[in-house]
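One structure is given below, encoded as structure tokens.
The values are calculated or read from the model by the stated rules, or taken from the named source; none is laboratory data. Computed from a predicted model, the values in this text were never measured in an experiment. Virtual Cβ from ideal backbone geometry, glycine too; neighbours counted across all protein chains shown. The protein model used for the area step is the full one, side chains on, heavy atoms only, and it has no ligands, DNA or RNA in it. Shrake-Rupley method; radii C 1.70, N 1.55, O 1.52, S 1.80 Å.
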Amino acid sequence: MRVVIAEDNVLLRDGMAALLDDHGVEVRAVVDNADDLLAAVAAHRPDLAVVDVRMPPTHTDEGIRAALTIRSAHPETAVLVLSQWVETSYARQLLSRQASKVGYLLKDRVVSSGEFVDALRRVAGGGTALDPEVVRQLLAAPAVDAGMARLTAREREVLALLAEGRSNVAIQGRLGLAPRSVEKHVSAIFTKLDLPAVETDHRRVLAVLRYLREG
């Protein structure tokens, strides 16, 4: 099994690499940021990517965004996300796209030797591995679309008009915006909803579905 590790904590990063090596897992690359992670996945095509949710430069959601990109651009690569604490919105984003070849574990359980390796093999094999605390909070917490929460008031107006089936030209007239402004708002909506340009999905439809699901 080939694995790529993305973790900015050097001690944890080296510890994971050593643990996997001891269990016969081939570590193809070890990186400390999201950009290098995406490059490593593209270059090595690993069976699985182990990804820290928070990485440089802002230590907010770089890791989860990279994980979602991998799920979309490299569906053959499984993703196991690590977090310091439970962030249910991130877990929901991961699971909403495909409930297989994905895992979400808390870091304090990673150090427990064989359990981590077992979870890693299960995810790489097409299964799932969710920390019990993640499951508990997912069942207890209402679904919150983090992407929708990031939209500005103007972006939500534009998305509402998209949901009505309006074209960019119609939105320009309705809101009194220049063509370039509408294009920028639509592009920002796609970015904040983590909807990359791919041939198989129509981003306007997916964005509208997210909008309708929230309402």
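If you go through the range 57-91, how many residues are within 19 Å of PHE116 (Cα to Cα), without any contact (Cβ under 8 Å) to a residue 40 or more places away in the chain and open to solvent by 10 Å² or more (accessible area, probe 1.4 Å)?
So the count comes out to 2.
Evaluate the range 198-208: report whether one residue or more is basic (Lys, Arg), at pLDDT below 85, under 18 Å from LEU94 (Cα atoms) and open to solvent by less than 80 Å² (accessible area, probe 1.4 Å).
Yes, some residue in the range 198-208 is basic (Lys, Arg), at pLDDT below 85, under 18 Å from LEU94 (Cα atoms) and open to solvent by less than 80 Å² (accessible area, probe 1.4 Å).
Residue-by-condition table, conditions (1) assigned to a helix (DSSP H, G or I); (2) on the phi < 0 side of the Ramachandran plot; (3) among the β-branched types (Val, Ile, Thr):
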| site | (1), (2), (3) |
| --- | --- |
| ARG156 | yes, yes, no |
| ARG166 | no, yes, no |
| VAL169 | yes, yes, yes |
| LEU177 | no, yes, no |
| HIS185 | yes, yes, no |
| ASP194 | no, no, no |
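Only one residue in ASP8, ASP22 is open to solvent by 70 Å² or more (accessible area, probe 1.4 Å) and modelled with pLDDT under 95. Which one?
Details: ASP8 fails: open to solvent by 70 Å² or more (accessible area, probe 1.4 Å).
Of ASP8, ASP22, the one residue that is open to solvent by 70 Å² or more (accessible area, probe 1.4 Å) and modelled with pLDDT under 95 is ASP22.
Tally up the residues in the range 25-43 that are in contact with a strand residue (DSSP E or B) (Cβ under 6 Å, 6 or more places away or on another chain) and either surrounded by fewer than 19 Cβ atoms within 10 Å (Cβ to Cβ) or modelled with pLDDT of 95 or more (or both), please.
Step one: list which residues in the range 25-43 are in contact with a strand residue (DSSP E or B) (Cβ under 6 Å, 6 or more places away or on another chain), which gives 25-31, 37, 40-41.
Narrowing further to those that are either surrounded by fewer than 19 Cβ atoms within 10 Å (Cβ to Cβ) or modelled with pLDDT of 95 or more (or both): 26-31, 37, 40-41.
Adding up the residues that qualify gives 9.
Considering only residues that are open to solvent by 60 Å² or more (accessible area, probe 1.4 Å) and among the hydroxyl-bearing types (Ser, Thr, Tyr), which ones fall in the range 168-187?
Step one: filter the range 168-187 for residues open to solvent by 60 Å² or more (accessible area, probe 1.4 Å), giving 169, 173-174, 176, 179-180, 183-184, 187.
Result: SER187, single match.
Can you name the number of the only condition in (1) surrounded by fewer than 18 Cβ atoms within 10 Å (Cβ to Cβ); (2) acidic (Asp, Glu); (3) touching a helix residue (DSSP H, G or I) at 6+ places or on another chain (Cβ under 7 Å) that ASP14 fails?
(3)
Collect the residues in the range 73-109 that are assigned to a helix (DSSP H, G or I) and modelled with pLDDT of 90 or more, keeping them in residue-number order. Spell out how you get there, then give the answer.
Taking the range 73-109 as the starting set, the residues that turn out to be assigned to a helix (DSSP H, G or I) are 73, 88-97, 107-109.
Hit for the range 73-109 is ALA73, nothing else.
Output the number of residues of the range 117-164 satisfying the condition of being modelled with pLDDT under 80 and of a type in the set (S, T, N, Q).
Residues in the range 117-164 being modelled with pLDDT under 80 and of a type in the set (S, T, N, Q): 1 in total.
Can you pull out the residues in the range 49-72 that are over 18 Å from VAL30 (Cα atoms), in a loop (DSSP other than H, G, I, E, B) and touching a helix residue (DSSP H, G or I) at 6+ places or on another chain (Cβ under 9 Å)?
If the condition is that a residue be over 18 Å from VAL30 (Cα atoms), in a loop (DSSP other than H, G, I, E, B) and touching a helix residue (DSSP H, G or I) at 6+ places or on another chain (Cβ under 9 Å), then ASP61 is the only one that fits.
Just to be sure before I move on: is PRO46 surrounded by 21 or more Cβ atoms within 10 Å (Cβ to Cβ) and part of a loop (DSSP other than H, G, I, E, B) in the structure I sent?
On the way: surrounded by 21 or more Cβ atoms within 10 Å (Cβ to Cβ): yes; part of a loop (DSSP other than H, G, I, E, B): yes.
Against the criterion (surrounded by 21 or more Cβ atoms within 10 Å (Cβ to Cβ) and part of a loop (DSSP other than H, G, I, E, B)), PRO46 qualifies.
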